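The values are calculated or read from the model by the stated rules, or taken from the named source; none is laboratory data. No experiment lies behind these values; they were computed from the predicted model shown. Heads up, the Cβs are rebuilt from the backbone with ideal geometry, glycines too, and the neighbour counts pull from every protein chain shown.
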Amino acid sequence: MKRVVIAGAGQGGFQVAASLRQDGFDGEVLLFGDEPGLPYQRPPLSKEYIKTGNAERLLFRNADFFDKNAIRYLDGRSLTTIDRADRTVELDDGQTHGFDHLVLALGARNRRLPIPGMDFDGVMQLRTLADAERIRAAIAPGLSLVVIGGGFIGLEIAATAAAAGARVTVLEATDRLMSRVVSPAISAHFLAMHQACGVDVRLGTMARGIRGNDRGRAAAVEIDEGASIEADIVLVSAGIVPNVEIAEAAGIYVQDGIRVNDLMETSDPHISAIGDCASFPFGRDGILIRLESVQNAIDQAKCVVQRLLGHPEPYDKVPWFWSDQAAFKLQIAGLTAGADHQVARASDDGAKLTVHCFRQDTLIGVETVNAPADHMMARKLLALPQAPTLGAVEAKDFDLKAVFAAAQA
Ligand SMILES: Cc1cc2nc3c(=O)[nH]c(=O)nc-3n(C[C@H](O)[C@H](O)[C@H](O)COP(=O)(O)OP(=O)(O)OC[C@H]3O[C@@H](n4cnc5c(N)ncnc54)[C@H](O)[C@@H]3O)c2cc1C
């Protein structure tokens, strides 16, 4: 293996380049991505960055790192075509680069809602640093922000904007917040918190359209039965769509994301895909999923690197995720969607909450609020070859440390 080319310089792409060097790869590494500047982390965009505007703290590494590690890095360059027969990629400026192995780490883009008014000024979405800069510049005390979508990113921005003195309304189409990914207990906990922070949360409410003023700026969001909510800014946070089109055009198999096996190989063994753009077999049943998280992008990057260096190991990491909203740190270990039984326990002072989620009697995930030690223990427990049952967890009075000790004994 002489030359690895990595398309997409976000969380996963950067990690492939860094791990190749860290683990001793001595061939050529070319990393390129379509955003300007050095590779950076996205999670702080909806958290610290909106408050501080400190873009330097987002960088994974500064420019020296790329020079010292002989990683050739091209910013502001898009992949346009993959020629699988010649094993070359073509970029938007016409450059072509040959590869022995190509890693697709192309991430995802925001889903555009099929409602009128999405193009008015003041309608925003958040994926990139440039998006975050625009949102940060727009948030001000007294203005009204309507967030369409009560998921992680929309709620993080809602909390920050409310703390900055904006009047914030969140519209969520389903009957609870973050409904796709957390248990009802966590949804209720965060609903109460956002309401206490002054956010007007409207559940079961669809945005039907965005109305503009005569200067082409967003002025209101139309909801049901002719009602509307005044808005200076509208943040549309309604999920993402994986970037699969270039792979698909090259004849690589796509199914929700770029389909990979448990070694992160696409249908072309010279091409891997990782992170938000890849769908992969998960768990004992091998169900096909796509995960949108830092953990997933990093661990899949490491999985590819190990394989390229001759140590293939099937990907089987425990998923984990976090979200910071106001003073609440939500952490999730495992995948809790699809749980058929949940047990929620709050600490006596109500400051912490832990929800154990079971499916068919087996622990599949643990959600915690402001309980980082429980989260870390849950990650270890879920990595055991046999996940504990409800009986085992209940027998130890939901003390995960005790369950872990018992499972290891
Ligand atoms: C605001 C925000 C907050 C988040 N918060 C959290 C969090 O708290 N916890 C968590 O676990 N996860 C969080 N995430 C998700 C996490 O950041 C992603 O799951 C992770 O970045 C995925 O890594 P990736 O490498 O697959 O994609 P990305 O990091 O998105 O990188 C993909 C890169 O490829 C580029 N690209 C796309 N098409 C092309 C092309 N044709 N040519 C060249 N380059 C291309 C993209 O522009 C991008 O730079 C957050 C995401 C956002 C947007």
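Before moving on, here are some points about what is shown:
- Test: residue in the stretch 283-299 that is within 16 Å of the ligand (Cβ to nearest atom), modelled with pLDDT of 95 or more, in contact with a Lys or Arg (Cβ under 6 Å, 6 or more places away or on another chain) and not assigned by TED's automatic domain parsing to the domain that holds Glu48: no
- Among the candidates Pro372, Pro385, the residue that is under 21 Å from the mean Cα position of the chain (by Cα) and either exposed (fewer than 13 other Cβ atoms within 10 Å of the Cβ) or modelled with pLDDT under 85 (or both) is uniquely Pro372.
- Positions within the stretch 313-365 being closer than 19 Å to Leu390 by Cβ and within 16 Å of the ligand (Cβ to nearest atom), in sequence order: Val318, Ile332, Ala333, Gly334, Leu335, Thr336, Ala337, Gly365
- Conditions (1) away from the ligand (no atom under 15 Å from the Cβ); (2) out of contact with any Phe, Trp or Tyr (no Cβ under 9 Å at 6 or more places or on another chain); (3) assigned to a loop (DSSP other than H, G, I, E, B): number failed by Gln306: (3)
- Complete set of residues in the stretch 297-316 that are without any contact (Cβ under 8 Å) to a residue 24 or more places away in the chain and within 19 Å of the chain's Cα centre (by Cα): Asp299
- Condition met for Ala378 (free of Cβ contacts under 8 Å to residues at least 24 places away in the same chain and not in a loop (DSSP other than H, G, I, E, B)): no
- Selection within the stretch 149-179 - within 15 Å of the ligand (Cβ to nearest atom) and of a type in the set (A, V, I, L, M): Ile153, Leu155, Ile157, Ala158, Ala159, Ala161, Met178
- Total residues in the stretch 62-91, condition within 28 Å of Ile271 (Cβ to Cβ), more than 15 Å from the ligand (Cβ to nearest atom) and in a loop (DSSP other than H, G, I, E, B): 6
- Yes/no for Ala333 being buried (at least 16 other Cβ atoms within 10 Å of the Cβ) and either part of a loop (DSSP other than H, G, I, E, B) or under 19 Å from the mean Cα position of the chain (by Cα) (or both): yes
- With respect to the conditions (1) surrounded by fewer than 19 Cβ atoms within 10 Å (Cβ to Cβ); (2) within 22 Å of Leu30 (Cα to Cα); (3) of a type outside the set (A, V, I, L, M, F, W, C), Gly107 falls short on a single one, namely (1).
- When Met178, Met118 are screened for being in contact with a Phe, Trp or Tyr (Cβ under 7 Å, 6 or more places away or on another chain) and outside any strand (DSSP E or B), only Met178 passes.
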